[in-house]
Amino acid sequence: MNNKELDSPSNPFSDYHSTNSPVDIENPISIKERTLLFEQQAQNNNQNNIIKPSVLRSTPLSPKIRQSQTHFQQINSYNEIDKRNNSQSTSSNNNTTIHTNGVTNSVQSNNIDNPFSDSNKVVPSPSDGINPVSNSFLDPNSIRKGNLNKPPSPLVPTKPLALRTSPRIPVNGITSPNLNPQIISNNSNIDRSNDAEAQTVGLSNDFKKFHLNNTKSNNMNPFSPDDESSSLLIEGKFEEGTSSLISKAATVSGSTPYSFSQNFQMPILEPSPASKLRAANIQHSSTTIAPKLAGLPQQPPPIPQRPNLQNIQLDGIRNNNNISNHYLDNGHSDTIHVSNTISNHKVGEKIASRRAVINIDTTKSNRATPTADGYNKIELSKHTKCIAFCGQSLYAGVSNLSVYNTKSGVPSNIVAIDEKIKITSILLIPGKYLVDEGNIVWAGTDKGVIYEIDTNTSRINHTRNISNYSIIGMFYSGDKIWVVSEKSVAIWIRNETDNNFSLNDSPSMDYSLAEIPEFDIAYILEDKLWLCSQKTLTVLGPYPHFENKKSINLKVLMGKITCISEAGLNTGELYTGHDDGKITTWDIDNIVAKEVFSVSYYNITSILTVNDKHVWVGLSTGKICVFDSSVKPWKKIKDFEAHFHSGVIQLIRDPFYPYALVPPYTSVGNSTLSVVSSLSEDGEVRFWDAFLSEDYINSLIKDQETYYSERSDISLFVTTYNCDSTKPQELLNDEFNKKFFDNWFKVIDSPDIIVVGLQEIVDLESKTVNAKSFLLKAKKKSKKEKLDNRQQLWVDAIKNNLLNSQNEKYENISCTQMVGLFLAVFVKPCIHDRISCVDVDTVETGLKGYHGNKGSIALRMLIDDSSICIINTHLAANQEQLIARNNDVVTIMNETKFPPHDKPCCYVNGGDGSHIMDYENVFWFGDMNYRIDPINNLTRDDIIKMANEGKYDELIKMDQFHNIHSTDTGFPLYPLTEGKINFAPTFKYDIGHNHYDSSEKQRIPSWCDRILYRGAVKQLNYQRHECTASDHRPVSSSFIISIKKMNLNKYQQIKNLCYEPCSKYLEKMVNEEKIRWVMKKSQCNFDQAQTILQSYNYNIDLLIESRTINSV
């Protein structure tokens, strides 16, 4: 074994000293004494107490970040952050000018290939008189062990997002407990704030394989039984009796400062997703342009027809997951995506759909880090692959078992085992009382040897070799201990003498798994053994005879299985995570896949269920997401960076805490009543608040916003125009275009803020311009240098225009140019003093991220206590570049970064102002280049005719952006809104004329120029303007924004009042955890368990002492 820094002779806690550290058996040191000793040494020697700072996970999508001279600095891993200068700045990264003011026993089996089929019943035993069908296994040599933590390359989807058919999901919130009505008065001001919540950046992945048209037979249908009747659909007729799929759920939000790193050395990573798009786009282009080269008219690929799925029940999805009539009656569409190949069926029959994936509602995702107070980060060896957690002790190790104090983060005990072995599994053995948990630990190794360790005396009590193969996992389930190796499973029951488990006792059963194909994941649930290997799932059970076996091959239904977890007590379900970002729900009685949820597009490495409804998911990117599974479809309530520099490999929770807590719980911190621990690939362990208490408090505060804040209205005018390198003077010299320019800003009278976003203010096809944009990247311009000439021309022209048209003198608070992109913001002098925290950031997406001919300019500012983010974009062009445009959106969302800001209640969804979606009010606009794809054999001439006839409602159904934005909940722009389009397509015109493209390319008219918004905003109008100087037409929109101004004294008053209802909420959560513990131990129902616990004041140890559970 290679000794690293942590395993060196200089480290007093290293495994290096294991063979040279005899244990004094005569006078053992207690765990308490040992803990005090090491803590005293840690205080005397600061080196033992140093916690390595977190390194920013850096996955830039373009070279911009790698080359940048400006980074954010992380002082510590929680909240001390150096602020970026808000004053005048000039990007040295690109040709940009910024001007700112302000994761062998014979058995009977049957081989089932379809995991979703209702015919997948467990084969009965021979005693039942039924002859089981023989099973044929996959060749184990053909199954390779993959790296479960290596993320796929999800940034480049294999199919356009326009093929997604998951409908928009309405979000229903709940009302938090009311505060003291005598203290909090009603405010007469009406809060018009919309649900401005954050959207986690990322594209769902279920369009990869699930959108292919298939005409498979019913035996391959994952959602229908194996019957001979085909599934048919009669239009306009739906099944009755469907139950509610969507139910109200509490969503919480919080605010915790984020951490960033500055001046760190970034690894050399692959560039932006555009580099990965080239091969796919070339291949896609060749297939779409080939007909034109053959002398045929160019026709883009049609968008598949989207069937109306209202009131339709899918096979494999139980009645309680169907769409309720109430939900449909309110005009909402369903959330289940099925294959495009659907045949007609008579009334009462179910739809046969081979590929049904349910998308997650991500609109209420909160990204605040739920840190558990009082717990310290622990740095382990990077070779550590498993941990166990109990109270204030964390158990881990590679060749020796180390016990760490979770409060100080330093080792408190080390048990020498054998440096020639590696620990692959750790199990805390249950004691008689909850306070005894963690005293005895079993450690499984890669040599098939199990060690029983007394952590109080640091002694190895017993050892047992159950196999010559590695231990896959050890589990405590059904009051039995299961030890699963690669070729066998050994089961221990309690000793009849002292009612404890001992490794000195022989296992009650030793079952051979030699005939099972190679597997690397095991799980025990309800006396059944679940074994997984890549795309093969084998289930044995029940204990003790294991007479039934089912083997399922997932084939192309979903990705490789990477993790497995119980769905909750008495749910009858189990979850499997997959490397394609999906989670499958299984019926544990019939071994049938019920649902598939698309929760991410990265590898899922770990799953943990908390409170029977919150599903914690660890990803290979280092993120942790939390989903509310009590509603259908699931709702993402949390999405935060847990480990900035490596992926999550394990999520665990203390198996005995909070059951050991004795009421009242006021002496325990809110965030430490229940704790989740995560282990990363590089050995970092961090601790999280399982009850998300901070989010609950912030939701209570948010509900009382009308008490501690007042609102006022301001007007905002936004316009976007691809001017095709036109100079302002050229507009003034043409009579027709001068009329446009003079009336451009008269749509609304005297707006408070005017935002002008231009594209192509310089000729992007000019060799001179392109050469300068590359050569001048390394040249650092002076902050006082005069603005670019073309940029200055537009600023001066707009100022003069505003003075003449509005009779107002506007102040330019920011003006930024990036090659052809231009963004300027003008405000009235009367609101200038209300504006603060003005910052600008640019992102290049052109030429694989090396060029600013495409990209974005983003500006953020605060007006009083309301946050606003404005983004001018220019996305990838050409009809067939839909994937490239989608990836440009992802890149802009991921790479746009502002200096973090910790002003309370200014930002939403737990954000700190560093991300676009942290802002309450967001305006996204520009030349987005999304096109119209004709369907039903419509030609270009048909599109032009429809446009001239004003049939915009029919045309919008063929619009690429509309089809993604209105259906795909994983699309980054899904939370934003676009007003109803009542104007003709704005692209492409012949310059100087009012007719569409007459050139050889014959481009299809499209709405390339768009304006989107979100927040406490009311849209007044949305229109285009007429100007013939470019091949685009300008577009503008006016808004009324509700601006809030906080009273900090009242805010603090509300915050203090929120702690009492939060304490009651957390007390209820802890008591419910104890009720579930009694239910699991005694097999009684919820009401019985609650009655028992109430008689013992929810004290579990008193309940155990009374032996009441045994009597039940």
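The values are calculated or read from the model by the stated rules, or taken from the named source; none is laboratory data. In this text the structure is predicted, and so the values were computed from the model without any measurement. Cβ sites come from the backbone with ideal geometry, for glycine too, and all protein chains shown count toward neighbours. Calculation scope for accessible area: heavy atoms of the full protein, side chains included, ligands and nucleic acids excluded. Shrake-Rupley method; radii C 1.70, N 1.55, O 1.52, S 1.80 Å.
Identify, by number, the condition in (1) open to solvent by less than 10 Å² (accessible area, probe 1.4 Å); (2) among the aromatic types (Phe, Trp, Tyr); (3) out of contact with any His (no Cβ under 8 Å at 6 or more places or on another chain) that residue 974 doesn't meet.
Unmet for residue 974, out of (1) open to solvent by less than 10 Å² (accessible area, probe 1.4 Å); (2) among the aromatic types (Phe, Trp, Tyr); (3) out of contact with any His (no Cβ under 8 Å at 6 or more places or on another chain): (3).
Could you tell me which residue of the stretch 709-739 is surrounded by the most Cβ atoms within 10 Å (Cβ to Cβ), considering only residues that are more than 29 Å from residue 861 (Cβ to Cβ) and among the hydrophobic types (A, V, I, L, M, F, W, C)?
Per the stated criteria, the residue is 732.
Only one residue in 431, 374, 438 is open to solvent by 10 Å² or more (accessible area, probe 1.4 Å), out of contact with any helix residue (DSSP H, G or I) (no Cβ under 7 Å at 6 or more places or on another chain) and in a loop (DSSP other than H, G, I, E, B), so which one is that?
Numbers: 374 fails: out of contact with any helix residue (DSSP H, G or I) (no Cβ under 7 Å at 6 or more places or on another chain); 438 fails: open to solvent by 10 Å² or more (accessible area, probe 1.4 Å).
Only one candidate qualifies: 431.
Using the structure shown, decide if residue 626 is farther than 28 Å from residue 431 by Cα and part of a strand (DSSP E or B).
Numbers: farther than 28 Å from residue 431 by Cα: yes; part of a strand (DSSP E or B): yes.
Yes: the conditions hold for residue 626.
When residue 1031 is evaluated against the numbered criteria (1) within 30 Å of residue 927 (Cα to Cα); (2) outside the structural domain of residue 882 (by the TED database), which criterion, by number, is the only one it fails?
With respect to (1) within 30 Å of residue 927 (Cα to Cα); (2) outside the structural domain of residue 882 (by the TED database), residue 1031 is out only on (2).
Within the stretch 990-1018, take every residue that is over 30 Å from the mean Cα position of the chain (by Cα) and within 28 Å of residue 892 (Cα to Cα) and give me the one that is most open to solvent (accessible area, probe 1.4 Å).
1003
Could you say whether any residue in the stretch 550-562 is open to solvent by less than 20 Å² (accessible area, probe 1.4 Å), among the small types (Gly, Ala, Ser) and over 27 Å from the mean Cα position of the chain (by Cα)? So that I can check it myself, show each step before the final result.
Here is the first cut: in the stretch 550-562, the ones open to solvent by less than 20 Å² (accessible area, probe 1.4 Å) are 550-552, 554, 557-559, 561-562.
When the remaining residues are screened for being among the small types (Gly, Ala, Ser), the result is 551, 559.
With over 27 Å from the mean Cα position of the chain (by Cα) added as a condition, the list becomes 551.
Within the stretch 550-562, one or more residues are open to solvent by less than 20 Å² (accessible area, probe 1.4 Å), among the small types (Gly, Ala, Ser) and over 27 Å from the mean Cα position of the chain (by Cα).
It is to be established whether one or more residues within the stretch 924-943 are in the same structural domain as residue 721 (by the TED database) and under 28 Å from residue 704 (Cα atoms).
no
If a residue has to be within 21 Å of residue 969 (Cα to Cα), in contact with a Leu (Cβ under 7 Å, 6 or more places away or on another chain) and not small (Gly, Ala, Ser) to count, how many in the stretch 580-602 make the cut?
Selection size over the stretch 580-602: 2.
Does residue 662 satisfy the criteria of being of a type in the set (A, V, I, L, M), open to solvent by 40 Å² or more (accessible area, probe 1.4 Å) and at pLDDT below 95? Break it down into steps so the answer makes sense when it comes.
Working: of a type in the set (A, V, I, L, M): yes; open to solvent by 40 Å² or more (accessible area, probe 1.4 Å): yes; at pLDDT below 95: yes.
Answer is yes for this residue.
Identify, from the list 792, 879, the residue that is within 24 Å of residue 745 (Cβ to Cβ) and open to solvent by 10 Å² or more (accessible area, probe 1.4 Å).
Testing whether each residue is within 24 Å of residue 745 (Cβ to Cβ) and open to solvent by 10 Å² or more (accessible area, probe 1.4 Å) leaves just 792.
Does the stretch 602-610 include one or more residues that are open to solvent by less than 10 Å² (accessible area, probe 1.4 Å) and aromatic (Phe, Trp, Tyr)?
no
Could you tell me how many of the residues in the stretch 474-486 are under 19 Å from residue 544 (Cβ atoms) and either open to solvent by 10 Å² or more (accessible area, probe 1.4 Å) or not aliphatic (A, V, I, L, M) (or both)?
Here is the first cut: in the stretch 474-486, the residues under 19 Å from residue 544 (Cβ atoms) are 474-485.
From what's left, either open to solvent by 10 Å² or more (accessible area, probe 1.4 Å) or not aliphatic (A, V, I, L, M) (or both): 474-480, 482, 485.
Counting residues in the stretch 474-486 that are under 19 Å from residue 544 (Cβ atoms) and either open to solvent by 10 Å² or more (accessible area, probe 1.4 Å) or not aliphatic (A, V, I, L, M) (or both) gives 9.
At least 3 residues that are under 30 Å from residue 641 (Cα atoms) in each: list the strands (runs of 3 or more DSSP E) lying fully within the stretch 653-768 that qualify. Lay out the reasoning, then the answer.
On the way: elements: 675-680, 684-689, 709-722, 753-759.
Of the strands (runs of 3 or more DSSP E) lying wholly inside the stretch 653-768, those with at least 3 residues that are under 30 Å from residue 641 (Cα atoms) span 675-680, 684-689.
Going through the stretch 598-608 one residue at a time, which ones are at pLDDT below 95 and part of a strand (DSSP E or B)?
598
Kindly indicate which of 573, 547 is open to solvent by 20 Å² or more (accessible area, probe 1.4 Å) and out of contact with any Lys or Arg (no Cβ under 9 Å at 6 or more places or on another chain).
On the way: 573 fails: out of contact with any Lys or Arg (no Cβ under 9 Å at 6 or more places or on another chain).
Exactly one of 573, 547 is open to solvent by 20 Å² or more (accessible area, probe 1.4 Å) and out of contact with any Lys or Arg (no Cβ under 9 Å at 6 or more places or on another chain), namely 547.
For residue 755, state whether it is at pLDDT 90 or above, of a type outside the set (D, E, K, R) and under 23 Å from residue 927 (Cα atoms).
On the way: at pLDDT 90 or above: yes; of a type outside the set (D, E, K, R): yes; under 23 Å from residue 927 (Cα atoms): yes.
Taking the combined requirement at face value, the residue satisfies it.
Of the numbered conditions (1) under 30 Å from residue 500 (Cβ atoms); (2) in contact with a helix residue (DSSP H, G or I) (Cβ under 7 Å, 6 or more places away or on another chain); (3) crowded, with 22+ Cβ neighbours inside 10 Å, residue 399 satisfies every one except a single condition; which is it?
(3)
How about the stretch 441-455: which of its residues are over 17 Å from residue 500 (Cα atoms) and open to solvent by 20 Å² or more (accessible area, probe 1.4 Å)?
Within the stretch 441-455, 446, 447, 449 meet the criteria.
Answer with yes or no whether residue 540 is modelled with pLDDT under 90 and either under 21 Å from residue 424 (Cα atoms) or of a type in the set (A, V, I, L, M) (or both).
Values: modelled with pLDDT under 90: no; either under 21 Å from residue 424 (Cα atoms) or of a type in the set (A, V, I, L, M) (or both): yes.
It is false that residue 540 is modelled with pLDDT under 90 and either under 21 Å from residue 424 (Cα atoms) or of a type in the set (A, V, I, L, M) (or both).
Given the conditions (1) part of a loop (DSSP other than H, G, I, E, B); (2) farther than 21 Å from residue 980 by Cβ; (3) open to solvent by 20 Å² or more (accessible area, probe 1.4 Å), and given that residue 1026 satisfies all but one, which numbered condition is not satisfied?
(2)
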